[in-house]
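Participant: If you scroll down you'll find the structure; I have some questions about it.
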Amino acid sequence: MARKTVETPKLLATSDLDRLRELVGEGAADYAMVASAFHFVNRIADLLHVDSEGLPESLRRFETVRRLAVRALGAGMARMDLANRDYGKSYETALTEMEPVFTRALGQAPGGHFECVRERPKLIEVVRLALEERDERSTLDRATLCMVHGAVEEALPSCAEDSQGFHVRPADPVEAFAFVGTRYASRTTEKMIEALREAGYDDIGVLDLATAIADANLWARLHRLLGLAPEIFRLETLSAAEAVA
C-alpha cells in the first residue's frame with residue numbers, strides 16, 4: 001500500500017486496504033492516514049529544502065560524528081512516550097465540531113460524507129484541521145488554491161515512469177512547483193523558488209504554496225484509500241460568478 005501511494009497514487013482505491021483490513025480491521029484507515037501524512041510532511045521538507053539531518057553538512061562526512069549524533073538522538077527519543085493514545089471523541093462529536101468549518105469551506109453541512117470513517121472519528125478531525133489551515137490561515141486566494149489542486153491532480157503519477165525520469169514542466173511557476181512537488185519534490189531547485197519570488201510570492205507565500213501542494217497530495221491519496229468524496233476537500237475550478245466575486 002505504501003509503495004503504491006508513491007508509484008501509482010492515481011490508481012489507489014479502497015481495495016488497496018483489503019489485506020490490511022484482514023489483519024487490523026478498521027485500523028487499516030490509520031495506516032492510510034499515516035502514509036498520506038508522510039506525503040504531506042516529506043513534500044514540505046523537500047519543496048523548502050529542509051535539512052533531514054541535525055548535523056551541519058560540513059560534519060556529515062565524518063562517520064564517527066554521524067554515529068555519535070544518531071546515538072544522542074536515540075537516547076533522547078528513548079525518553080519520549082510515543083505510545084498510541086485512545087481518541088476520546090465520538091463520531092458525532094467530531095462531526096459537530098467539523099460542521100462550522102466544513103460549512104464555511106463548502107457552503108453545506110458535512111451530512112453523511114464521513115459515514116465511511118465512522119469507526120475512526122479522528123480522521124474527521126484531521127480533515128477539519130486541514131480545512132481550517134487552508135481556508136482560514138493561508139495567504140493564498142481561492143483561484144491559486146484551485147490551480148494548485150488541479151495541477152496536483154493532473155501530475156499525480158499513474159505509472160512508475162511518472163514518479164521518476166524527467167518530464168516537461170508547466171511554464172507557470174506555481175503549476176511547475178506543484179508538478180515537481182507531486183512527482184519528485186526533492187528535485188525542487190533554487191531557480192524554481194526564484195521564479196515564484198519574481199511572480200510576487202514572499203517567504204510566507206512560498207511556504208503557503210508548499211503547504212497547499214502537500215495538502216493536495218495528502219488528500220489525493222486519502223480520499224482514494226478511504227472512499228471519501230473528492231469534493232470534501234479538493235477545490236475545483238472557480239465558476240465565473242465566483243471568479244468575479
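Participant: Only one residue in R234, R221 is within 28 Å of G107 (Cβ to Cβ), in a helix (DSSP H, G or I) and under 16 Å from the mean Cα position of the chain (by Cα), so which one is that? Lay out the reasoning, then the answer.
Facilitator: Details: R234 fails: in a helix (DSSP H, G or I).
Going through R234, R221 in turn, the sole match is R221.
Participant: Of (1) free of Cβ contacts under 8 Å to residues at least 40 places away in the same chain; (2) farther than 14 Å from R221 by Cα; (3) not β-branched (V, I, T), E26 satisfies all except one. Which?
Facilitator: (1)
Participant: Which residue, of K122, K191, is over 18 Å from R224 (Cα atoms) and of a type in the set (D, E, K, R)?
Facilitator: The unique qualifying residue is K191.
Participant: Against the condition buried (at least 16 other Cβ atoms within 10 Å of the Cβ), within 15 Å of the chain's Cα centre (by Cα), among the small types (G, A, S) and modelled with pLDDT of 95 or more, how does A130 come out, does it pass?
Facilitator: On the way: buried (at least 16 other Cβ atoms within 10 Å of the Cβ): yes; within 15 Å of the chain's Cα centre (by Cα): yes; among the small types (G, A, S): yes; modelled with pLDDT of 95 or more: no.
Considered against the rule, which asks whether it is buried (at least 16 other Cβ atoms within 10 Å of the Cβ), within 15 Å of the chain's Cα centre (by Cα), among the small types (G, A, S) and modelled with pLDDT of 95 or more, A130 comes out as no.
Participant: Condition first: touching a residue at least 12 places away in the same chain (Cβ under 8 Å), charged (D, E, K, R), outside any helix (DSSP H, G or I) and over 28 Å from R3 (Cβ atoms). Can you find one or more residues in region 196-210 that meet it?
Facilitator: Taking every residue of region 196-210 in turn, none turns out to be touching a residue at least 12 places away in the same chain (Cβ under 8 Å), charged (D, E, K, R), outside any helix (DSSP H, G or I) and over 28 Å from R3 (Cβ atoms).
Participant: A follow-up question, please. When region 182-234 is examined, which residues are found to be of a type in the set (F, W, Y) and closer than 27 Å to E99 by Cβ? Break it down into steps so the answer makes sense when it comes.
Facilitator: Just the residues of region 182-234 that are of a type in the set (F, W, Y), to begin with: 184, 201, 219, 233.
W219, F233 - these are the residues of region 182-234 that are of a type in the set (F, W, Y) and closer than 27 Å to E99 by Cβ.
Participant: Before we move on, is L225 buried (at least 22 other Cβ atoms within 10 Å of the Cβ) and touching a residue at least 12 places away in the same chain (Cβ under 8 Å)? Talk me through it step by step, then tell me what you get.
Facilitator: Values: buried (at least 22 other Cβ atoms within 10 Å of the Cβ): yes; touching a residue at least 12 places away in the same chain (Cβ under 8 Å): yes.
Against the criterion (buried (at least 22 other Cβ atoms within 10 Å of the Cβ) and touching a residue at least 12 places away in the same chain (Cβ under 8 Å)), L225 qualifies.
Participant: Spot the failing condition for I193; the list is (1) under 16 Å from L145 (Cβ atoms); (2) part of a helix (DSSP H, G or I), and only one is missed.
Facilitator: I193 satisfies all of (1) under 16 Å from L145 (Cβ atoms); (2) part of a helix (DSSP H, G or I) except (1).
Participant: Right, next: Let me confirm something: among H113, H149, which residue is under 14 Å from the mean Cα position of the chain (by Cα), over 13 Å from T93 (Cα atoms) and crowded, with 19+ Cβ neighbours inside 10 Å? I'd like the intermediate steps shown before the answer.
Facilitator: Details: H113 fails: under 14 Å from the mean Cα position of the chain (by Cα).
Sole residue among the options that is under 14 Å from the mean Cα position of the chain (by Cα), over 13 Å from T93 (Cα atoms) and crowded, with 19+ Cβ neighbours inside 10 Å: H149.
The values are calculated or read from the model by the stated rules, or taken from the named source; none is laboratory data. Quantities reported herein were computed from a predicted structural model and do not represent experimental measurements. Glycine also receives a Cβ, built like all others from the backbone with ideal geometry; neighbour counts cover every protein chain displayed.
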